[in-house]
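First up is the structure itself, then whatever we jot down about it.
The values are calculated or read from the model by the stated rules, or taken from the named source; none is laboratory data. Since the structure is predicted, the reported quantities are computational estimates derived from the model, not experimental observations. Here the Cβ positions follow ideal geometry from the backbone for every residue, glycine too, while neighbour counts run over all protein chains shown.
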Amino acid sequence: RLLIIDFGSQVTQLIARRLRELNVYCEIHPYQNVTDAFLAAFAPRAVIFSGGPDSVTRPGSPRPPQSVYALGVPILGICYGQQVMMQDLGGRVEAGEHATAEFGRAYVEQAGRGDEFLSGWFQGGREQVWMSHGDHVAEIAPGFQVLGTSPGAPFAITADPARRFYAVQFHPEVHHTPNGRTLYENFIRLAGFRGDWTMGAYREEAIAKIRAQVGDAKVICGLSGGVDSSVAAVLIHEAIGDQLTCVFVDHGLLRQNEAAEVVAMFRDNYNIPLIHADESDLFLSALDGVSDPEVKRKTIGKLFIDVFQKHAAEVGGAEFLAQGTLYPDVIESVSFSGGPSVTIKSHHNVGGLPAKMGLKLVEPLRELFKDEVRALGHELGLPASFIGRHPFPGPGLAIRCPGEITREKLAILRKADAVYIDQIRRHGLYDEIWQAFVALLPVRTVGVMGDGRTYDYACALRAVTSVDGMTADYYPFTHDFLSETATRIINEVKGINRVTYDITSKPPGTIEWE
Ligand code: XMP
């Protein structure tokens, strides 16, 4: 495995992404944790130093333990990582001046004799790269040679091929270094990785780890119907069988048929012991008269925890709580720049569970990115339609029903949403869209159907494309699709007589209406 030492770059996670795409298993660890003992125990086959915001010219700036250079394994230093390597090994770094600082797109030209590290690079004589540095290397360390230069970085690519130490001033992991992947490919080949880290291997390892951690104790897993908790549950069940009990709290704010599908899948198909807690009455009465979005979230979040605890206690004697925590949630960021940001939505994730339950955690997905969780789900035989599901917010339909929630409104919303999703699936668009749903608007409008006047609700269709939900664009349905869908909803759903399509992107809008 490969060790990435994180010096606090905003894009360290992308290094891990690139390596995982090449089927190399790697872990990111903040430099503070990487001690001599850690290195010896981790026994990396290669090491990457990430970028970072500090200046190596500042006394006390972040460093790796010097024993890293004696491991005899290949090292790749990126940006701050390059500067660290140069300074540690006898070169010299100068603090930033405007003349040599470089931010954004730059072009690197070949220098020197070339090297295996650059195989496939410089095809067009030069390569586009992404730079973001204030300081620069002024003198390279003994044993190093220059393999590439740019106007702002005479030592854009440096190498000591004998020791297999490579150092670049730019960021090969970002999108704006279009051929960056080639450098990672070359580096891992130089390091002797076969690129055979697969989900099959991960599954075996994860199962062994779960067994070792849990022994013969009982485990509780909260199921939400989402991909992460489902994959975690199936994996853990494979490891420890009926020592696992799943608790599925139905808050009455799920989509049409969702609760039944979850029960059918886990209890009937996978034979996983499952407590299906239908607590919709409780949640809906707590939400009675509540129209403020944040109050809705807090009400649901708090109640969920109480209800979950109550049902978890029914299992009796459980020592562990399973959670579908993913890698992006656990990477200890050493970023220095993350200031406080404004709360737009409190995102009370009703799946997030309290430390106060006093249970130890089992988190078998801690090392995976979202798309890897999907791959693991596939490996475990979960149906593709289940794995590819759009994200669904913890507070469910409560935040898709702006204003006060009633059972009547929820019933109308469920039907309209089911028609809309059916339309999307029929037209083969489901996988192109990141998230799609109907919001039932708190207005009634006048319409005419047959010879009669109607006075019913209006709804809004929402569909967005996105990578991570942080920014989003509305999906460009054809007019035919939209009119066919509007007609179906109005004909099939009693209570709605007007359909609109939301064409707001995020920002300035958010994906959900509340
Ligand atoms: P917004 O509406 O903030 O949504 O653009 C971004 C993503 O987050 C989901 N979302 C939530 N998920 N609890 C959740 O678990 C929440 O309170 C919540 N609010 C929004 C939303 O569905 C989208 O995927």
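Remarks
- Criterion (crowded, with 24+ Cβ neighbours inside 10 Å and either touching a helix residue (DSSP H, G or I) at 6+ places or on another chain (Cβ under 6 Å) or in contact (Cβ under 8 Å) with a residue 12 or more places away in the chain (or both)) met by exactly one of LEU19, LEU14, LEU39: LEU19
- The residue that is modelled with the lowest pLDDT, among those in region 82-106 that are loosely packed, with under 14 Cβ neighbours inside 10 Å and within 34 Å of the chain's Cα centre (by Cα), is PHE103.
- Applying the condition of being surrounded by fewer than 17 Cβ atoms within 10 Å (Cβ to Cβ) and aliphatic (A, V, I, L, M) to region 168-214 and asking which residue is modelled with the lowest pLDDT yields ALA201.
- Scanning region 279-324 for residues that are surrounded by 14 or more Cβ atoms within 10 Å (Cβ to Cβ), free of Cβ contacts under 8 Å to residues at least 60 places away in the same chain and closer than 25 Å to ILE240 by Cα turns up just one, GLN309.
- Residue that is free of Cβ contacts under 8 Å to residues at least 40 places away in the same chain, in contact with a helix residue (DSSP H, G or I) (Cβ under 9 Å, 6 or more places away or on another chain) and surrounded by 15 or more Cβ atoms within 10 Å (Cβ to Cβ), where the choices are ALA463, ALA436: ALA463
- Test: residue in region 346-356 that is modelled with pLDDT of 85 or more, outside any loop (DSSP other than H, G, I, E, B) and either away from the ligand (no atom under 16 Å from the Cβ) or in contact with an Asp or Glu (Cβ under 6 Å, 6 or more places away or on another chain) (or both): no
- Meets criteria (at pLDDT 95 or above and part of a loop (DSSP other than H, G, I, E, B)) for GLY52: no
Residues checked against (1) closer than 20 Å to TYR202 by Cα; (2) in contact with a Pro (Cβ under 9 Å, 6 or more places away or on another chain); (3) free of Cβ contacts under 8 Å to residues at least 12 places away in the same chain; (4) crowded, with 16+ Cβ neighbours inside 10 Å:
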site: ARG1; (1), (2), (3), (4): yes, yes, no, no
site: ASP6; (1), (2), (3), (4): no, yes, no, yes
site: PHE49; (1), (2), (3), (4): no, yes, no, yes
site: GLY52; (1), (2), (3), (4): no, yes, no, yes
site: PRO59; (1), (2), (3), (4): no, no, yes, no
site: TYR69; (1), (2), (3), (4): no, no, no, yes
site: GLY77; (1), (2), (3), (4): no, no, no, yes
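- Only a single item in (1) away from the ligand (no atom under 16 Å from the Cβ); (2) crowded, with 18+ Cβ neighbours inside 10 Å; (3) outside any strand (DSSP E or B) is not met by GLU484, and it is number (2).
- Filter pass, GLY388 being within 16 Å of the ligand (Cβ to nearest atom) and at positive phi: no
- Qualifying residue in region 133-152 (condition: without any contact (Cβ under 8 Å) to a residue 24 or more places away in the chain and surrounded by fewer than 16 Cβ atoms within 10 Å (Cβ to Cβ)): no
- Once region 487-508 is narrowed to residues that are over 21 Å from the mean Cα position of the chain (by Cα) and part of a loop (DSSP other than H, G, I, E, B), the residue that is farthest from the ligand (Cβ to nearest atom) is LYS494.
- Filtered by the rule that a residue be away from the ligand (no atom under 16 Å from the Cβ) and either in contact with a Leu (Cβ under 7 Å, 6 or more places away or on another chain) or under 18 Å from GLY509 (Cβ atoms) (or both), region 468-481 gives PRO476, PHE477.
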